[in-house]
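First up is the structure itself, then whatever we jot down about it.
The values are calculated or read from the model by the stated rules, or taken from the named source; none is laboratory data. Note that the structure is a prediction, hence the values are computed from the model and not measured. Glycine also receives a Cβ, built like all others from the backbone with ideal geometry; neighbour counts cover every protein chain displayed.
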Amino acid sequence: MRTTHAGVIGTLVALTTGCFGGTGSGLIGISGGGNNGGSNGPTALEFFVQPNTANVGQIITAVEVAVRDSLGDIDSDFTGAITISLASNPTGASLSGTTAVRPVTGIATFSNLAIDKAGTYTLQASASGATSVTSSALTITTATTP
């Protein structure tokens, strides 16, 4: 009987330490985070590929924004929309193209953005539950004909 009692206590200890503070997963402190269902929740956005210089109305080479979790890793589970807007807009220009994109494996690609006036601008990426980020400056120039 004593051996059976020790075996039961050993099992209880293992179950108690394996489930303490969780919902039966056996992992402590890891339960879906934020609005994405991932383990660490998004904390910040990052320009993975910065915008480039372009002519007025010309498509800016694909801009990519990554979602980083609280550990600094790309959060491939995040599926919330990421929105791009003009952060600095000294000329009153308009940003056209698809300005809200859902990331694929943690990276949102904006492939058809254009600005309609010459000037120097920055873009801002934002998403619900994540810290926004501002791009490096990009220059939009007036196209000249030869």
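Listing for the model above:
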| quantity | calculated |
| --- | --- |
| Filter result for I84 (assigned by TED's automatic domain parsing to the domain that holds F47 and more than 11 Å from the chain's Cα centre (by Cα)) | yes |
| Residue check, T99 modelled with pLDDT of 95 or more, of a type in the set (S, T, Y) and out of contact with any His (no Cβ under 9 Å at 6 or more places or on another chain) | yes |
| Residue within the stretch 93-101 that is part of a loop (DSSP other than H, G, I, E, B), surrounded by fewer than 16 Cβ atoms within 10 Å (Cβ to Cβ) and touching a Phe, Trp or Tyr at 6+ places or on another chain (Cβ under 8 Å) present | yes |
| Pick from the stretch 46-65, criterion surrounded by fewer than 23 Cβ atoms within 10 Å (Cβ to Cβ) and not in a loop (DSSP other than H, G, I, E, B), ranking: nearest to the chain's Cα centre (by Cα) | E46 |
